[in-house]
Every structure is written in C-alpha cells, then in structure tokens.
1. Give the Debye-formula value of log10 I(q)/I(0) at each listed q (0.11 Å⁻¹), with one equal scatterer per alpha carbon of the range 150-327, two decimals each.
2. What residues from the range 286-300 fall in the zone where the backbone N is under 17 Å from a label point 7 Å along the Cα-to-C-beta line of Q218?
3. Using Cβ counts within 10 Å as a stand-in for footprinting exposure, how do S69, S186 rank, fewest first?
4. Per residue of the range 293-301, what does 6.51 cos²θ - 1.76 cosθ + 1.60 with θ = phi - 60° give for ³J(HN,Hα)? Whole Hz please, x for Gly and Pro, Karplus curve as stated.
Amino acid sequence: MSVVTFKCPNCDAELTFDPETQRFVCNYCQGSFTQTELEAGQPASASDDTAQGAEAPTVSADTGAAVYSCPSCGAEITVDATTAATYCFYCHNPVVLAGRLEGKFMPHKLIPFKISREEAMERFMAWTRKKWFVPKHFFSKKQIEKLTGVYFPYWLVDCDVAGSLTAKAERVRRWRSGNTEYIETSHYMLTREGNIHFEDVIKSALKKANKGLVESVQPFQSSDLIGFSMPYLSGFQAEKRDIEREELQQEVVNDVNIYSRQLLLDTVQGYTSVTPLNSGAHFFNENWDYTLLPVWVLTYQGSNGKTYYYAMNGQTGTVFGRLPVSFGKLSALCGGIFVILSAILLIAGWLF
Ligand SMILES: [Zn+2]
Ligand SMILES: [Zn+2]
C-alpha cells in the first residue's frame, strides 16, 4: 500500500485538512471531522478504499522520480524522489504517498498548518503591495494561485550537555594620589562548568530546499508540535527527508558548542576584559525528531533566468522573500527624482 487519499465517512469524497478550523473537511458534503472522529470512522479504511490502483511505483534509477497511479482516477502521477504528498494533476484530488512515510521515514512529529490558503494569499498581496518596484505579473492571479502549502522536513534536536569554559580576565583599577596616577591590573583565571539543556535545535533535512527559504521562516513554536499523523498532509505538498542525522551530527555539535560557550561566557561579569581560552560541550543525552513543518511557498521565474522565492511560516506567518525588481519601474522612479530635482533647481535659478 503506497498511495492513500483520506475519504469522507459520509460521502466517500476526498478529505483535506483545514488550517482555520484544524479539522478535516469534505468539499462535497461540507462534512467536518476531528482527527479522533476520522480515525474512529474509518479505521484503516483509507487503505482498503485505495488498495486498488496502489501498486508499487515505477522508480527511475537516475533521478529517483517515481510514477504512482492515482487512487481516485487511476491516472499516472509522476513525483520527485522526495515528494511525500501532492495533488493528482488530472483529477486534482489530494494524494499522500504513504510508502514514503513508513518505517524509518515515518516522521515523529509535525506542526499542522495554522494559516489557511486564503489568509496566506491575502498576506502575500498586502506584502507585495508595499514593494512597488516589483513587476506587475508577480501580483497576477495566475501567479498567486501557485502559492503552495508545503510540509518541509527538518530534524529537531533536544540535548543535554556538560559545558565547560576557561577564560583569562583582567580587572583594572586606576586612582590618583597627588601627582601620581596608579594603575593596578589584577589577573584572573576563570573556570565555568554547567549542565545545559537545549530544546529544538533545528536543521533542514532536504537537500534541494533553498537554504535561505527554509531557515529564514524560522522560528516555529514547539507548543504546536503533535505526534505525526498522515491525514494532516491531505491537501498539501509534503517532502520526504534526504539528509540523515549522521550528516548533520557535526553541525549540531558545533552549534551547541557555540551556544553553550556563549551561555557560560554570559555568566562572567564585572571584569575589564575577558579572553576565552577553551570551551567544550560534552553530550550526555540527545534526541533527534524527524519533523514536518508548514511553509507557504511561491516561486517565480524571473526574466533574467533567476528564481525568486516568497515563503511564509505556515504556523506564525513570518515572511521571507527575495523579490524580483522591475527595472522599468525603478528607472521611472529615478526619472521622477531627476525631474523634481531639476524643477527645484529651475525655480531656484529663477528666484535668484
Ligand atoms: Zn463528504
Ligand atoms: Zn487522479
């Protein structure tokens, strides 16, 4: 069983997750269900309903792209090596590639989308309106319809470390007596040690993801983290991780070393100067959670061949964007400044 769509218990149509109500909704009969109702109403029935037409996919050896058949219409769905949820191109029904979310690739956690598609579109419009040197077609309806909700894969790391720091410090005291100025420098050797708990150190787990995009929409708020459940992906795109924990281990160790050194350094106060010598963080507890996090994404192919991104944190609304600039509009702006300036000069010349 590798492809599923989640069916409405009332009418058997496809269900999608609705960020606004945080429920699973049917667009045909307007039925709306909680996760518990969905699970009770159709225990594993999603797999029964869709077992036909869900044979093992054909996978291309070079690219890892795979071809599945759509559980609703039977059409062929071609997906990237990392796609885990998408829409059928033909019948536009949501499909979840369950086979890519099983075994060691089953995510531990997820934050469901909180910002609905409508709200994301409105916020995008409001944001671009302020950037008035952006080319017109960036605002076009066709362009905005490409706004896509994607669950991106991340690793979230919790750890406990024993941090240590040694530093040299100086305290300088100056005073004057008569005509003599005295300077007294005291030298100190400092040691700091402490156990530190780090929560949710975050790393992107997708190679093809634009680094700026997946990092700049952070932070996510861990209060909304829930145990992974597949129906939340219905109606969204989802990507499967292709970066393993081993590949990130050193980066996480380095990050934690830097944070822990800074935290210990912050406890050193009251000296004229401080020079850190050695620091270390010995890990004695660590937990890695493979987590899917929600991002609204819009990409735009500029006329110069560059790809521009607009991304919004699907939980908090934090925005990241690298916008195309329209040179037509920019030169109009420069022209305007020139005209006003010369008009002022002319008036000045005429007055005096
Ligand atoms: Zn229904
Ligand atoms: Zn289909």
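1. -0.67
2. 287-296
3. Details: S69 20, S186 11.
If I rank by nearby Cβ atoms, fewest first, I get S186, S69.
4. 10, x, 9, 8, 10, 9, 10, 9, 8
Values in this text are rule-based calculations from the coordinates and carry no lab data. Note that this is a predicted model, so its numbers are computed, not measured. Reconstructed Cβ throughout: ideal geometry from the backbone, glycine too, with neighbour counts over all protein chains shown.
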